[in-house]
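Reading through the structure tokens given below for one structure.
The values are calculated or read from the model by the stated rules, or taken from the named source; none is laboratory data. Model, not experiment: these values are computed from the prediction. Glycine also receives a Cβ, built like all others from the backbone with ideal geometry; neighbour counts cover every protein chain displayed. Ligands, DNA and RNA are excluded from the accessible area calculation, which covers all protein heavy atoms including side chains. Shrake-Rupley method; radii C 1.70, N 1.55, O 1.52, S 1.80 Å.
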Amino acid sequence: MYYYYDVLLNFGIDGELYEFYEWEEEDNVEFIKKIPLFRVSLDCLKDTLKYKTKFDSSLVEQIKEKTIVKRSTESLNTFLISDSKNTLALEVNEEGKVISRSKLLPSDELNISEVMFTMRESTLHYEKLEKYPSITTLRQERKIKKLIQQEIDTLYEENNTSKLKYLYYEWFNKNNDNIEEIYKEMASSLQKEYNDNLSVVYDFIKLSYHNMH
């Protein structure tokens with residue numbers, strides 16, 4: 001079995017993938033000292049990006065407890081797959097189902113691409129399950145939208161009309177005294193493409209809570 005050494009991985013929740021430029025300080029980034037590495041076909045890599053997958057139990061046994069995490073005694077069922085150009089880290093449960101994924105830093109992807117030329121392609125047996133949700137927005141944009149939605153939901157439920165009206169004005173640069181219309185227009189706008197007005201609203205919400213302390 002081949003291994004790769006000294007790599008940072010950032011496993012997203014529910015299989016979500018974060019590009020290296022979207023990694024945040026509060027993420028649980030793992031410093032992996034040693035991890036199994038497989039060269040796979042382009043189709044295999046594409047499938048793991050597009051679909052939730054379940055690998056054969058023989059692979060689970062092969063990679064079980066082979067990953068070494070720095071400063072930790074935990075055992076991860078993880079491995080790297082690469083088509084010689086792109087690399088993906090996968091974590092599977094005892095049944096072989098992928099439970100989390102991570103992309104790599106560009107330097108690690110480049111290093112792995114170089115060693116791929118000396119490796120034979122492995123045939124990994126897996127089952128394609130349902131597709132992952134299609135995500136076309138940046139992580140920070142999704143985070144901002146989620147916080148704003150939580151805020152307007154709370155204000156609406158608590159009937160905090162004054163703050164809702166103020167947020168509405170900052171958002172749309174107009175006044176409206178109908179709280180139902182305000183809430184519906186805000187919620188509807190969050191379903192559309194991201195725009196700079198959302199950053200203004202986000203900053204105001206953060207500032208309002210900061211001023212409370």
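The table below lists the values:
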read-out: Range of Cα positions in the stretch 45-96 per principal axis (Å), largest first; value: 32, 24, 16
read-out: Accessible surface of the chain [probe 1.4 Å, protein heavy atoms]: carbon and sulfur percent; value: 47 percent
read-out: Most fluctuating residue given options 189, 82, 113, as computed from a GNM of the chain linking Cα atoms under 10 Å; value: 189
read-out: Distance-filtered residues of the stretch 91-117 - backbone nitrogen under 17 Å, label point 7 angstrom along residue 57 Cα→Cβ; value: 92-98
read-out: Rounded D (µm²/s) - the chain, Kirkwood Rh over Cα pairs, Stokes-Einstein at 4 °C, 1.567 mPa s; value: 65 µm²/s
read-out: Cα-Cα pairs of the stretch 100-183 separated by more than 15 Å (percent); value: 76 percent
read-out: At most 15 other Cβ within 10 Å, DSSP loop - trypsin sites (Lys or Arg not before Pro), the stretch 1-107; value: 64, 70, 71, 85
read-out: Sparse-neighbourhood loop sites, trypsin sites (Lys or Arg not before Pro) in the stretch 132-213 - DSSP loop, at most 14 other Cβ within 10 angstrom; value: 174, 192
read-out: Low-density loop cleavage sites - GluC sites (Glu not before Pro) in the stretch 1-100, where at most 13 other Cβ are within 10 Å (DSSP); value: 19, 24, 25, 26, 65, 74, 94, 95
